[in-house]
Every structure is written in structure tokens, then in C-alpha cells.
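Single-structure report; data block below.
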């Protein structure tokens, strides 16, 4: 790309300006720095987030029932604070769509956002023809985002940068035929036609290059974090040792190892049941975690806070409140997914965790990139399933807390939004 060319970027991102969503934060947090560097963004997204008034921001629904329903529910949740009214509106929306939704699922078993590429690419073609951006930049999130990016770039003859957040395919995971075939086809299309491809881990990029047989276009970019300022909120020792887990959970990324370890700890030291608490924010417990919490009977040591929403009294977003709670925790808990598939991603919360300077207890795959990052930063990284090592770590944190509280780490880590933006600018400078 000519350094003197206009720096209009057409950014295609299904998730945008959505409070607390990692896929949204990845691109939303970069835009102020991109604009400082001379980029004029034009964004096409789903209507699931807040419309941005700083630049041209177009929002469009998915045309298929599953996608439209998903997005409309988010719109209702964002505009309706009364829970009973919110539930009523969602029910009234769902009932007439139900027959069409069942027909869609019968024939098309893809992610609910699959059809968004249709409306996004039509709108993107119109925007690109009118404003002639320097490039199309698809960043996702939902895989249909990249199909939209490809179609817009192809129709308008523009360079295309594709940023794949989570791997489209994880070879170790169970395959659902339609989704696997679609994602396999889309992954090949991206590597053949994109001018540059970004992944967030070395392993994910290497696996995709191996499957597609295309190399030389890939870049590894650490998305980093740049959370909002926390003001006067900081760490102070409280009456219990607070372990904090933030973010989503799933059957293959569950709290089972932590619950087992808490059970061992309280049996060896009954006082620990009163001194240690695990705060779980941002997600309901997955099925496996619920089962193991019951099995090990650690209910009194676990506080479920759920998803934190915007606070109209203080004006704080859910994300702002979450960041403040991170700073108040003694120790932050990070869980990586099971099996070799976990090696291909780094939990996005790791980057926010590091910036708090609070110690991190990571239950990770040995030798993974997450394992390496934690150890290099002076945090505790323990192999998944090693309950004895987790218990030993908890005892050490408990001893430290009983003295003067758990000290913060001196280094803030190297993964910032600013560095990610600098690398992104460098990558786009070579496109033509």
C-alpha cells in the first residue's frame, strides 16, 4: 500500500462496541490509536453493540432467522432495563420466527451468524464503491465476517486483510459435518485470496498453513489489552483470600481442577473453607463445573456473580466494573481449554490480567504459548490436572495473604493495544 494513499479502512466486524465481548474489544479498543495514526475507519457491524458516532458506523442485521433472532435479542437487552419486559419482548419476537428457525436448522447447521455475510457484503459493496477505502479489514469473531470481507474486496478490487481471532478449525475437536466443511472451505479461501492473514498464536497459524498448503501471508499478532482506568480502586487485603475468575466457561474449559483443589485444601485445613473464596464473574457455570462443585461440596467457597451490566447510578460500564474487581482480587485464575486444541489460542483475559499486576494462577497446557507467557511474566503456570501442584500454589498464596496480603508483580507485561496497532500498521503498509 502506498504510504501516501488515503488511509480509509473499511472494517468488517460482526461484533463491535459490545460491552464485555472479547471479539468486540479486540477491534474497538484499537480504533482511537488507529485514528491517531491517520486511519479513517468505516465500520460495518451487526446492530448488537452501541452505534459509534466518531466515524461512519453502519449496522446491519443477518437475513436468516437464527442470526436475526440472535441480534434482535441483543438489541432488546441493550435498550430494555426492565427484566420482565425484556423477557416478554424476546418471547414475542421468538414465537413467530420459530417455524422458520426450525426449517433453517434442519437444512443449514451452521453458526447463527452464518447469513450475516449476505447483508454485510451488499452494504460493504455500496460503501466501498462510494468512498473507495484503501483496504478491507475483516476481524472476527463469527466466521461469516471473513466471507463478507472476501466478497467486498473481490467485488471492489481492494486489498484484503483477514484477522482470525479463534482458529476456524481445531483438528482435535469433534467435527460437526456442515460446520467443519464450511470452515475448511473458508479457511482455504482466506489463505488463497487475502493479502495478509493474522492469527493470535503461532500454533494456530502453523496449523492453518499446514491444512491449506499456503504460507508467506501469515502474521502472529498478540492482541494485548488496554482496559479503562480504575481510578482510586486498587488492591487491599480483605477478610478472605479472593481468587477471581473472569470470562466464559465451557465443558472443555471448566473450573474442575480448581474445585478439586479447594476440596483437598479444606480437608487438609478446615479453616481454609472460611479463609478462601473463588469469585466467578462473567459467566454461568458450565455443566462440568456445576457437577464438580456439587461433588466436592465447595459451595461455601464459591461466589457466583454472573455477568455485570452497566450501572446507571455510577455510569460505569460492565467492563469498567470488571476491571476494578480484577484489581481487588488477591489472585486471578486463568483456565485454558482441554486437549491440543487449547494450544491454538490464548484466553483473551490473560492480556487484561497481566496489566493489573495481580498474580495469575494459570491452569494451562504444558508447553503452550499461554504457559510460556505466564512463566516469563513471573506468574504461576500449572499443567492441567495437576491438583497437587494447584493445592501447593494455593497454600503459598494463603500464607502470603495471612502475612501482609498478596503482593503485586512489578512488571506490567509487553502486550498492549499500542504495540498491536503499530504491528497492524506495519502489516498493512506492505499491502497492494
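Can you name every residue in segment 298-326 that is part of a loop (DSSP other than H, G, I, E, B) and in contact with a strand residue (DSSP E or B) (Cβ under 9 Å, 6 or more places away or on another chain)? If you could, list the steps in order and put the result at the bottom.
The first filter runs over segment 298-326 and keeps only residues part of a loop (DSSP other than H, G, I, E, B), leaving 298, 307-310, 312-315, 317.
Answer for segment 298-326, where residues must be part of a loop (DSSP other than H, G, I, E, B) and in contact with a strand residue (DSSP E or B) (Cβ under 9 Å, 6 or more places away or on another chain): 298, 307, 308, 310, 317.
Take segment 224-253 and flag every residue that is over 21 Å from residue 397 (Cβ atoms), at pLDDT 85 or above and touching a strand residue (DSSP E or B) at 6+ places or on another chain (Cβ under 9 Å).
Once the filter is applied, which keeps residues that are over 21 Å from residue 397 (Cβ atoms), at pLDDT 85 or above and touching a strand residue (DSSP E or B) at 6+ places or on another chain (Cβ under 9 Å), segment 224-253 yields 224, 249, 253.
Collect the residues in segment 266-297 that are assigned to a helix (DSSP H, G or I) and touching a strand residue (DSSP E or B) at 6+ places or on another chain (Cβ under 7 Å), keeping them in residue-number order.
Scanning segment 266-297 gives 275, 293.
Might you let me know whether segment 45-66 holds any residue that is under 19 Å from the mean Cα position of the chain (by Cα) and under 22 Å from residue 420 (Cα atoms)?
Filtering segment 45-66 down to residues under 19 Å from the mean Cα position of the chain (by Cα) leaves 45-50.
Next, only the ones that are under 22 Å from residue 420 (Cα atoms) stay: 45.
Taking every residue of segment 45-66 in turn, at least one turns out to be under 19 Å from the mean Cα position of the chain (by Cα) and under 22 Å from residue 420 (Cα atoms).
When you check residue 261 against the structure, is it crowded, with 21+ Cβ neighbours inside 10 Å and assigned by TED's automatic domain parsing to the domain that holds residue 321, yes or no? Even if it seems obvious, please write down each step before you answer.
On the way: crowded, with 21+ Cβ neighbours inside 10 Å: yes; assigned by TED's automatic domain parsing to the domain that holds residue 321: yes.
So residue 261 passes the test.
With respect to residue 205, determine if the residue is in the same structural domain as residue 355 (by TED's automatic domain parsing), surrounded by 19 or more Cβ atoms within 10 Å (Cβ to Cβ) and at pLDDT 95 or above. Reasoning before the result, please.
On the way: in the same structural domain as residue 355 (by TED's automatic domain parsing): no; surrounded by 19 or more Cβ atoms within 10 Å (Cβ to Cβ): yes; at pLDDT 95 or above: yes.
Here the answer is no, as residue 205 does not meet what is asked.
Scanning segment 72-105 for residues that are within 30 Å of residue 32 (Cβ to Cβ) and touching a residue at least 40 places away in the same chain (Cβ under 8 Å), which turns out surrounded by the most Cβ atoms within 10 Å (Cβ to Cβ)?
Filtering segment 72-105 down to residues within 30 Å of residue 32 (Cβ to Cβ) leaves 72-81.
Then drop every residue that is not touching a residue at least 40 places away in the same chain (Cβ under 8 Å), which leaves 74, 81.
Working: 74: 17, 81: 11.
The residue in question is 74.
Listed residues 311, 251; which is in the same structural domain as residue 358 (by TED's automatic domain parsing), loosely packed, with under 14 Cβ neighbours inside 10 Å, within 27 Å of the chain's Cα centre (by Cα) and without any contact (Cβ under 8 Å) to a residue 12 or more places away in the chain? Steps first, please.
Details: 251 fails: without any contact (Cβ under 8 Å) to a residue 12 or more places away in the chain.
When all the criteria are applied, what remains is 311.
In segment 359-393, what residues are out of contact with any strand residue (DSSP E or B) (no Cβ under 7 Å at 6 or more places or on another chain), at pLDDT 95 or above and either over 29 Å from residue 205 (Cα atoms) or crowded, with 20+ Cβ neighbours inside 10 Å (or both)?
Those that are out of contact with any strand residue (DSSP E or B) (no Cβ under 7 Å at 6 or more places or on another chain), at pLDDT 95 or above and either over 29 Å from residue 205 (Cα atoms) or crowded, with 20+ Cβ neighbours inside 10 Å (or both): 387, 388, 391, 392.
So, in segment 408-419, exactly how many residues are within 20 Å of the chain's Cα centre (by Cα) and either modelled with pLDDT of 95 or more or not in a helix (DSSP H, G or I) (or both)? Break it down into steps so the answer makes sense when it comes.
As a first pass, look at segment 408-419 and keep what is within 20 Å of the chain's Cα centre (by Cα): 413-419.
Now restrict to residues that are either modelled with pLDDT of 95 or more or not in a helix (DSSP H, G or I) (or both): 413-416.
Count: 4.
The values are calculated or read from the model by the stated rules, or taken from the named source; none is laboratory data. Source: prediction; values computed, not measured. Here the Cβ is made from the backbone with ideal geometry for all residues, glycine too, and neighbour counts use every protein chain on show.
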